[in-house]
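A short worksheet on the structure shown next.
The values are calculated or read from the model by the stated rules, or taken from the named source; none is laboratory data. Computed from a predicted model, the values in this text were never measured in an experiment. Here the Cβ positions follow ideal geometry from the backbone for every residue, glycine too, while neighbour counts run over all protein chains shown. When the accessible area is computed, the model is the full protein with side chains, heavy atoms only, and any ligands, DNA or RNA have been set aside. Shrake-Rupley method; radii C 1.70, N 1.55, O 1.52, S 1.80 Å.
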Amino acid sequence: MKSVNKTIPSIDGKGLMMGRPAFTDDLAEKNSLIVKVLRSPHPFAKILNIDKSKALELEGVELILTHEDFKRNSYTRAGQGYPEPSPHDKFVLDEYVRHIGDEVCCVAAVTKEICEEALELIKVEYEVLNPILNFEDAIDNKSIIHDEPEAHEMFPIGFEPKRNIAASYKMEVGNTEEDVKKSDVVIKQSFYTQAQAHVMMEPHTVNARIDYLNRLVLYSATQTPIHVRRILSQTLEFPLSRIRVIKPRVGGGFGGKQALHGEMLVSAVTLRTGKPSKMVFTRKEVFESSYSRHPMRFDITLGASKDGMLETIDCYVLSDTGAYGEHALTVFMVAGSKVLPLYNKVKSVRFHGHVAYTNHTPAGAFRGYGAIQGNFALESAIDMLVDKLGMDPIEFRDKNMIKQGETSPIFAIMGEGTEGTAMNMESCELEFCLNRGYELINWKNTYPYIQVSKNIRRSVGMAIAMQGSGIPYIDMGSATIKLNDDGFYNLMVGATDIGQGSDTILAQIAAETLGCDTSQIIVYSSDSDLTPFDTGAYASSTTYISGNAVYKAALKMRQMIVREAALAFKVDESIIEYDGTTIKADDKEMTINELSNRLYYNEDQKQLTSTESYVGTKSPPPFMAGYVMIDLDTETGEVKIVDYVSVVDCGTTINPSLAKGQVEGGIVQGIGMAIYEEVLYNSSGKLVTNNLLNYKIPTRKEINKLTTEFAKSYEDSGPYGAKSVGEIGIDTPPAAIANAIYNAVGVRITSLPITPEKILLEMKKREGEKR
Amino acid sequence: MVKHIIPNSLSEALDYMSKDEYKIVSGGTDLMVQKRAWAETPPKFDQNTIYIFNLMDLKYIKKENNKIIIGANYPVEKIKDFKSTPILLKKAIEIMASPALRNLATIAGNIGNASPAGDTLPILYVHDALVKIVSKNNSRIVPINEVILSVRKTCINKDEMIKEIIIPILEFTKTSFVKVGGRKADAISKTSFTGAVNVKDGIVKDIRIAFGAVNVTVVRKKEIENKYKGLSVLELQSRINEILNDYEPFIKPITDQRSNKDYRKQVSLNLLKEFINNL
Ligand SMILES: Cc1cc2nc3c(=O)[nH]c(=O)nc-3n(C[C@H](O)[C@H](O)[C@H](O)COP(=O)(O)OP(=O)(O)OC[C@H]3O[C@@H](n4cnc5c(N)ncnc54)[C@H](O)[C@@H]3O)c2cc1C
């Protein structure tokens, strides 16, 4: 292969490094009105009155919008396909505020300073209501967070707003309760995960203007431009045909930009004033007023036979969606559907639970999307079981985990908000991953731990994981390829490059198929007017879904070129030989440049364009084994990550270096969730960790060595054998590190993040018990 | 209207300060954060402010008579690179904030901020550093433990500023600085431990211990240190429980968003024990 499975630099890397204007805020109109939001100081309150008179008197204040300026159209910001599996429980502005940082009203003014001054002059009267600040107290609480009659589900998702339940679900294969009773060894344990923040470098940013055709044109740092356009139109009741959403370069998303954040208010301001406007979230707003990962509690019961066969898994999940139900059902379901099939040999499995509303910052999509939470719980519990069985963790997994050619009943039962799709694992190199990681981390000589110095214990821990590749029968991607004079191509895709490098790998897939150099493919992505439909960058779908669309479009373009060459040579298509640059038939020869110039200027004039789309009929999971080596300081409880070994099966790596970047970025973000990123609220519901000093993501100094390898694997249904790689990297660190800590000092930490404080406390308790 | 003054010389600065009250900005790495408003808008100073960061007459470091003398706005990164800077101070600076901040941050600011978690402070205490404080008509030299009075409280008067920090060069055979933060950069200490000893022929001639972030100011107890001077290393080690008991009452940390008091206390004592046991 010429272009695929080759490391080439990201096609946008150099321009971005040279500081070319490319990001949303670079492209705002210079005279944009600045839009800022007055945010709630209360976790739950009813707005009685908003006095904006003083602020309106201020020179330079153009407009103040409150809930009274909007029709009560409920919607969801989730940024999903239609109809959404998330409840419509949000208004552009509402007379209730449901978390600290929720929107009260917004000001548009000519400068930031005036905006700020105006915000201070707005006087709001609140009736403060009783907030729910603990998700375990939410269901059937006296306070009802969504009592408004307009809130509704789009199809049955178990929505019971009167009980503070945003969604619920239950499924069972076999009879878990019976099988638990029959099991020789049983583990019962609860696990907690925290509301991790995405911390993408570019905050949520959007700007709008009315163009010369009297249309609303938005630049937005979004993962889902097509959904943004639809949701804006539906909610503001403005014709879809008069909205254009352009996604320029985006500085990271991780799921945080799947949802709509500033788009509604900026559009409303521009539509009312006719003037361009813009909004850039502050870092504090990103923390408090966008969304986080769903915190969850898992109550897990595992049953196994004496000889180490896992017989049954019972898993109840309580998930905290915060003030709004964005991705409530689907994230919670993925906590089961992309975790439980790892152990497909069980006799019975049950997965059930509820997603509760609370008065915290809402939760939404985040890389891993439930799978990381579920992985922490299940893979920790498995190690507890293995310990009780007196077995080796690797041997146990090898015996019980899913392998090539096998399936799990869960695939057919659980989809994302709907039923799933049955599939066999056509490509599954998990066994290789397990064995190769074992070697790379030097498990044999380290497990369970070695004493490096008086107070340092070096240990190893591991976990296995799977993810998906798009949502079958829902996620659709499409691509258009246009041949230009002089023989180069435009590739137009709806797929959304948000820094992960999808424009680059899609160009590589097109180049491979067309036989040309990648530099001949000029990619333009995500402009709702110009590029074809794509659901967006989420659910690990771009390489597999959009990649397949690009592959099909390129194949078709190739056929068109061959047909035109045959016409030009006056020969039959079957004797044409085409290597991507030169077209040959018998003794005749023509370059693609000559052919295209002929087509556009001289003879048989016509434009060649091909458009194809792809919707998955299955979602082949990428797999990985994550092995960590840690140094645990028994004096301070501090954990140093010495090495993190990832052995990944994502099928063919279209661009090995970008694939490695995805895995390692995921690992570091997973390490952050595992041991650094503590989320703290004070007793009045205020997020304390709302800046980058208090909220500690790992820095370069925390990461010592990352060892990343890819298994040789080929997924027949993927473009050139590829599966997804965007999320899988994040899943293993929490469980692998928790297991390594147990192996080092014998304490089992069941809540994230695993801080030195927790480790030392548990060690102390254990000492006490021993005495 | 608040006044913003960028003086051209120290005497000009002191002149202004003799007439009006000013907040001093050195590197600004504490103040800019404390006065932060919205992103991309300048910080909000609600009082007169005087910027001393470019005063050349405060930007120096020199070695004189077995002392290091550091001008008030000499950035810590450069202090770290100065060859005669005591090793403990170098170690403390190495894990302070992050490189960009260290090129601005100053020790005078660390003192002026008077946070119990200031990382250079325990080092200054252990070295019995002196602080030269000047005003228009006066100049005084005050030991570091008398400069810092409590959390965010110093003895520096409104018309005064720190001119320089004087650190005696001492002889130690073994030193240790351990900072326990949430991560390895841009993290404020949960607790820190500083230890230094001078052992000659197996006899502990000098021992100095300081703890950061576990009380309202840095904890250094000369009475306790004196008690153990003159012992052999083995004798010292055999009395480890007594040493721990001596320090225990002074380690009174709080619970905040960075850590909790039980952890801080236990770790501080663990680090002390570790230091003594490894002499
Ligand atoms: C991200 C981040 C990470 C940080 N990490 C650390 C860390 O790891 N360890 C640590 O100790 N600190 C840390 N800090 C705090 C800060 O960098 C230090 O306290 C630094 O030493 C302050 O120096 P400065 O010159 O910037 O002080 P400034 O902000 O200029 O001043 C701080 C205070 O001192 C006063 N002051 C300044 N100069 C004088 C003077 N000459 N005379 C009298 N008063 C004066 C000021 O009026 C002010 O009250 C961090 C800060 C940030 C933003």
Subject >> Answer residue from region A:698-711, given it is touching a residue at least 60 places away in the same chain (Cβ under 8 Å) and open to solvent by less than 40 Å² (accessible area, probe 1.4 Å) and is nearest to the other protein chains (Cβ to nearest Cβ) among those >> reply: A:Glu702
Original post:
Is there a residue being under 20 Å from A:Val642 (Cα atoms), open to solvent by less than 50 Å² (accessible area, probe 1.4 Å) and not aliphatic (A, V, I, L, M) anywhere in region A:712-724?
Top reply: no
**OP:** Just name the residue that is nearest to the ligand (Cβ to nearest atom) out of those in region B:170-183 that are open to solvent by less than 50 Å² (accessible area, probe 1.4 Å) and at pLDDT 95 or above.
**Re:** B:Lys179
**OP:** Report whether or not A:Ser657 is more than 14 Å from chain B (Cβ to nearest Cβ) and open to solvent by 30 Å² or more (accessible area, probe 1.4 Å).
**Re:** yes
Subject >> Among (1) surrounded by fewer than 16 Cβ atoms within 10 Å (Cβ to Cβ); (2) assigned to a loop (DSSP other than H, G, I, E, B) - the single one A:Gly580 does not satisfy >> reply: (1)
Original post:
In this structure, is A:Tyr695 more than 19 Å from A:Asn5 (Cα to Cα), aromatic (Phe, Trp, Tyr) and more than 9 Å from every other protein chain (Cβ to nearest Cβ)?
Top reply: yes
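Only residues that are more than 14 Å from every other protein chain (Cβ to nearest Cβ) and either in contact with a Ser or Thr (Cβ under 9 Å, 6 or more places away or on another chain) or among the acidic types (Asp, Glu) (or both): list them for region A:269-289, please. Spell out the reasoning first.
In the first step, residues of region A:269-289 are kept if they are more than 14 Å from every other protein chain (Cβ to nearest Cβ); the result is A:269-277.
Correct list: A:Val269, A:Thr270, A:Lys275, A:Pro276, A:Ser277.
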**OP:** Inspect all residues belonging to region B:218-232 and state whether any of them is of a type in the set (D, E, K, R), outside any loop (DSSP other than H, G, I, E, B), under 23 Å from A:Thr634 (Cβ atoms) and open to solvent by less than 50 Å² (accessible area, probe 1.4 Å).
**Re:** no
Subject >> Residues located in region A:33-59, provided they are more than 33 Å from the chain's Cα centre (by Cα) and of a type in the set (Val, Ile, Thr) >> reply: A:Ile47, A:Ile50
**OP:** Report, by residue number, each residue of region B:251-279 that is open to solvent by less than 20 Å² (accessible area, probe 1.4 Å), more than 12 Å from A:Pro756 (Cβ to Cβ) and within 8 Å of chain A (Cβ to nearest Cβ).
**Re:** B:Leu271
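Quick one: would you say A:Gly666 is more than 13 Å from every other protein chain (Cβ to nearest Cβ) and within 27 Å of A:Pro41 (Cα to Cα)?
On the way: more than 13 Å from every other protein chain (Cβ to nearest Cβ): yes; within 27 Å of A:Pro41 (Cα to Cα): no.
No: the conditions fail for A:Gly666.
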**OP:** Take region A:27-51 and flag every residue that is open to solvent by 50 Å² or more (accessible area, probe 1.4 Å) and farther than 23 Å from A:Leu129 by Cβ.
**Re:** A:Leu27, A:Glu29, A:Lys30, A:Asn31
**OP:** Could you please find all residues in region A:2-54 being polar (S, T, N, Q) and either in a loop (DSSP other than H, G, I, E, B) or in contact with a Cys (Cβ under 8 Å, 6 or more places away or on another chain) (or both)?
**Re:** A:Ser3, A:Asn5, A:Thr7, A:Ser10, A:Asn31, A:Ser32, A:Ser40
Original post:
Residue check: is B:Ile165 in contact (Cβ under 8 Å) with a residue 24 or more places away in the chain, within 11 Å of the ligand (Cβ to nearest atom) and farther than 21 Å from B:Ser192 by Cα?
Top reply: yes
Subject >> Entirely in region B:30-129, the strands (runs of 3 or more DSSP E) that have 2 or more residues that are away from chain A (no Cβ under 14 Å) and surrounded by 16 or more Cβ atoms within 10 Å (Cβ to Cβ) >> reply: B:49-51, B:67-71
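Hey, among A:Val317, A:Val331, A:Val355, A:Val349, which residue is assigned to a helix (DSSP H, G or I), crowded, with 24+ Cβ neighbours inside 10 Å and at pLDDT 95 or above? Give the derivation first.
Values: A:Val317 fails: assigned to a helix (DSSP H, G or I); A:Val355 fails: assigned to a helix (DSSP H, G or I); A:Val349 fails: assigned to a helix (DSSP H, G or I).
None of the other options fit; the residue is A:Val331.
Does B:Tyr74 satisfy the criteria of being closer than 23 Å to B:Pro122 by Cα, of a type in the set (Phe, Trp, Tyr) and within 15 Å of the ligand (Cβ to nearest atom)? Can you show your working first?
Working: closer than 23 Å to B:Pro122 by Cα: yes; of a type in the set (Phe, Trp, Tyr): yes; within 15 Å of the ligand (Cβ to nearest atom): yes.
So B:Tyr74 fits the description; yes.
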**OP:** Any chance you could count how many residues in region A:699-713 are in a loop (DSSP other than H, G, I, E, B) and touching a Ser or Thr at 6+ places or on another chain (Cβ under 6 Å)?
**Re:** 1
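Filter region B:143-162 for residues that are part of a strand (DSSP E or B) and under 20 Å from B:Gly212 (Cβ atoms); which is nearest to the ligand (Cβ to nearest atom)? First the steps, then the outcome.
As a first pass, look at region B:143-162 and keep what is part of a strand (DSSP E or B): B:143, B:148-150, B:153-154, B:161-162.
Within this subset, residues satisfying the condition of being under 20 Å from B:Gly212 (Cβ atoms) are B:143, B:148-150, B:153-154, B:162.
Numbers: B:Pro143: 16, B:Ile148: 11, B:Leu149: 14, B:Ser150: 14, B:Lys153: 11, B:Thr154: 7, B:Ile162: 4 Å.
Going through the qualifying residues, I end up with B:Ile162.
Return a yes/no flag: does region A:619-626 have any residue that is within 45 Å of the chain's Cα centre (by Cα), within 14 Å of chain B (Cβ to nearest Cβ) and not hydroxyl-bearing (Ser, Thr, Tyr).
Within region A:619-626, not a single residue is within 45 Å of the chain's Cα centre (by Cα), within 14 Å of chain B (Cβ to nearest Cβ) and not hydroxyl-bearing (Ser, Thr, Tyr).
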